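These notes concern the structure reproduced below.
The values are calculated or read from the model by the stated rules, or taken from the named source; none is laboratory data. Please read these numbers as outputs of a predicted model, since none were measured by experiment. Glycine also receives a Cβ, built like all others from the backbone with ideal geometry; neighbour counts cover every protein chain displayed. These area figures cover heavy atoms from the full protein model, side chains too; ligands, DNA and RNA do not enter into them. Shrake-Rupley method; radii C 1.70, N 1.55, O 1.52, S 1.80 Å.
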Amino acid sequence: MKGFQLKIEGNWAHFKKPETNNNPLTHDFITKTAFIGLLGAVLGKDRDEMKELFPVLSDDILYGVQLLNSVKKESWGFTLRKAVNLFEKAPKNMEFLKHPKYLVSIALKNQRSEKVFDSFLTAVKNSEAQFTPVLGLHNCPANLYYFSEGEFSDLQNGRFTAKCFISKNHRVVDISLTKHFRVGLDKIPTYQNNDFWNLPEKYKEVIYPAAGNEIIVEGEYYLYKSKNKEEEYWWLT
C-alpha cells in the first residue's frame, strides 16, 4: 500500500470524548476522525463535501500514531454563550492536551481515494493548506510537516517492536523491567458516517507506550519501508 508519514504538532488540542458533554474530556491523541477532518481542511473541503468524504475516507485510509511528546492535560474554565441568545450563558470546564506532537502514518487501502490521498501528500510536502488545519477545535491550530514517503506491506502477523499505538488484542511480550514508563489506554473513533456521527461499533480500544519508548508485542502489523530504505513496524486502523 502507498503510504507516507507526517508530523503534527500544536500548542493545544482537544479531541472530545462524546460521553463527556457537560465538562468535555479529550482523547490522549489525534483520532482517525479528527485526522480526516484535518485532511479535509488542508484540501479546502467544505462541510457538504466532508459529509460524503468522512465515511469514504474512514474505509479507504488506514492511520497510526506515535506520540512524540508526553501526554499532558490541563482543564480550563470558559463561559459559553448560546449563539441564538447571547445573554444565555453557563460556565464550563474543558480538558486540553498541552504541546501535542505526533508522528502519523497513513496508508491508502482502497484505490478509489487515491486522488484525495495524493492531493493531501502534495499539500503537506509543499506546506500548503486551503483552510487552517486544527487539532480538534478551531482555536487549536496545527502545524504539519512532511516526514517520509514509502510503502506499507500487506497485513502480517508476528512479533514486532511498537512505538505506535496497538490494539488491545496484541499480546505484550516484553516491557523493559529496567526502565519505567507510562503505557496509556484509550478507546478511539475510527469511522464517521455521512451524518457526522462516530459509529459506536467502530470504536477501537488501543494501548500505546509513552513518548520515546517502545514495547515488544505479538499480533497484526504492517511493515513500512520508506524511500530511504528505513523500516518500521506499525499497526494501522
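Remarks
- At q = 0.16, 0.21, 0.29, 0.30 Å⁻¹, base-10 log of I(q)/I(0) for the stretch 145-186 (Debye sum, equal scatterers on each alpha carbon): -0.66, -0.97, -1.26, -1.31
- What you get for the stretch 157-237, charging only the Cβ of Lys and Arg (+1) and of Asp and Glu (-1), is a dipole of about 160 debye around the Cα centre.
- Surrounding net charge for L68, when Lys and Arg each add one and Asp and Glu each subtract one, Cβ distance under 9 Å: +1
- The Rg/Rh ratio of the stretch 13-127, with Rg taken over Cα atoms and Rh as the Kirkwood radius over Cα pairs, comes to 1.04.
- Heavy atoms of E201 accessible to a 1.4 Å probe, total area in Å² rounded to 10: 130
- The mean sequence distance of close C-alpha pairs (under 8 Å, at least 6 residues apart), as a share of the length of the chain, puts its relative contact order at 29 percent.
- Of the cross-linked pairs K115/K204; K92/K204; K16/K92; K17/K72, those separated by over 18 Å at the C-alpha level are K115/K204; K92/K204.
- Our helix-only sum for the chain, with -39,500 (n - 2.57) per DSSP H run of n ≥ 4 divided by its residues, gives a mean residue ellipticity at 222 nm of -5000 deg cm²/dmol.
- Cα-derived Rg over Rh, computed across the stretch 105-198 with Rh taken as Kirkwood radius: 1.00
- Centroid-to-centroid separation of the stretch 158-218 and the stretch 1-80 [C-alpha atoms, Å]: 16
- Surface exposure of the chain, expressed per residue as accessible area with a 1.4 Å probe, stands at 54 Å².
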